[in-house]
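The structure appears below as C-alpha cells.
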Amino acid sequence: MDGAVQELLALQALDTEADQLRHRLATLPERAEVDAAKLVEAQAADSLAKIDEQRHALGREVKRFQDETASITSHMEEVEATLYGGTVRSPKELTDLQSELNSLKRHRRDVEDQELDVMEQLEPLDAEREKAKAAQVEAAERRENATARLDAASEVLNGELEGLSARRAELVAHVDASALSDYERLRAQFGGVAVAQLSGGRCSGCHLSLPAVDLDQIKRAPADAQVSCPECGRLLAR
Ligand SMILES: [Zn+2]
C-alpha cells in the first residue's frame, strides 16, 4: 500500500465529512422555519401598516365630523340665546329663528349620522388589526423559538467541524506538499473525490476498466509511487 495515497484517502474522508456537515449546517430545517416565520412577520407588519393608514384616514374624518357638530352646536346655542333671550319681540323674526334652529338641528343630525357611518367602518378594521397583530406576535414567537433551536443545532455542527479541522491540520502536517496540491486541485476538479480506489482493474472514480497495458504499468510501479487513473486523472489507491 502506498502510504502517501493512504494519507490522502484519510484526508479525503475528513474533507467529505466536513462537506456533509457544512451541507447539513446550510440546510438545517430550523433555518427554513426561521425564514418562514420572518416572512409571516413581514406580511403582518405590511397589513398593519395598511390598516393603520386606513384607520388614520377614517379617524381624521371622524374628527372633521365632530368639529362640524361642535360648530353647529355652538351656532345653535347662539340662536337659542337670541330666541329665548327676550330681546326679539317680532313674531316673524321669532319664527325665522325657530326655523333656523330646526334646520341647524337637522344638519347636526346628518353630520352625526355620517360620523356614525365612519365609526362603523372603523369597527371591522379594528378587528382586522387585532388579527394581524396576533399573527405578528405568533410569528415572532415561532421565529424566536426556531432561532434558538437553529443556534443550538449550529453550535453542535460547528463543534464537529472544529474537531475535523483540528484532525485535518494534524494529518496535513504529514502529507507531502506536492501530493497535497495535486489532491486539492483534483478535489476541486472532481467535486470532492480526488483519490479513487483501484479494484478489480477498475477505477472507483470514473468506473472505467483500465487498459491492460496501464494496469501492468501500475502493478510494476514502486509501492510508494503516486499513480493516476489514465482515464480520469484521479489519484489511485492500490
Ligand atoms: Zn478513473
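What to note about this one:
- Three principal axis lengths of the chain [C-alpha, angstrom, descending]: 137, 33, 25
- Helix-derived mean residue ellipticity, 222 nm - over the chain, DSSP H n ≥ 4, -39500 (n - 2.57), to 500: -28500 deg cm²/dmol
- Environment charge of Leu150, counting only residues whose C-beta is closer than 13 Å and scoring Lys/Arg +1, Asp/Glu -1: 0
- Crossing angle, helix 177-189 versus the chain [Cα axis fit, 0-90 degrees, rounded to tens]: 50 degrees
- Spatially proximal lysines relative to Lys131 (Cα-Cα < 21 Å; intrachain offsets below 8 disregarded): Lys38, Lys50
- Summing Lys and Arg as +1 and Asp and Glu as -1 over all other residues whose Cβ lies under 14 Å from the Cβ of Ala32 gives a net charge of +3.
- Unpaired by the 4.7 Å Cβ criterion, cysteines found in the chain: none
- Panel order for Tyr183, Tyr84, by other beta carbons found within 10 Å of each beta carbon, from fewest to most: Tyr84, Tyr183.
- Between segment 177-193 and segment 4-30, the C-alpha centres lie 14 angstrom from each other.
- Separation of the Arg238 and Leu208 label points, Cα + 7 Å toward Cβ, nm: 2.0 nm
- Folded to 0 to 90 degrees: helix 3-26 orientation relative to the chain principal axis, Cα: 10 degrees
- Cα-based reach from Lys63 at 14 Å (exclusive), listing aspartates and glutamates while leaving out same-chain residues under 8 positions away: Glu112, Asp113, Glu115, Asp117
- Segment Gln54..Glu77, full-extension length gain: 4.8 nm, with 0.36 nm per residue of separation and the alpha-carbon distance subtracted.
- Rounded to the nearest 20, the Cβ-based charge dipole of the chain about its Cα centre (Lys and Arg +1, Asp and Glu -1) stands at 980 debye.
- Shown for Arg89, Arg106: other C-beta atoms within 10 Å of each C-beta, ranked fewest to most, produce the order Arg89, Arg106.
No value in this document is a laboratory result; all are computed from the given coordinates. Keep in mind that what you see is a predicted model, and the values were worked out from it rather than measured. Here Cβ is always computed from backbone atoms with ideal geometry, including for glycine, and neighbour counts include all displayed protein chains.
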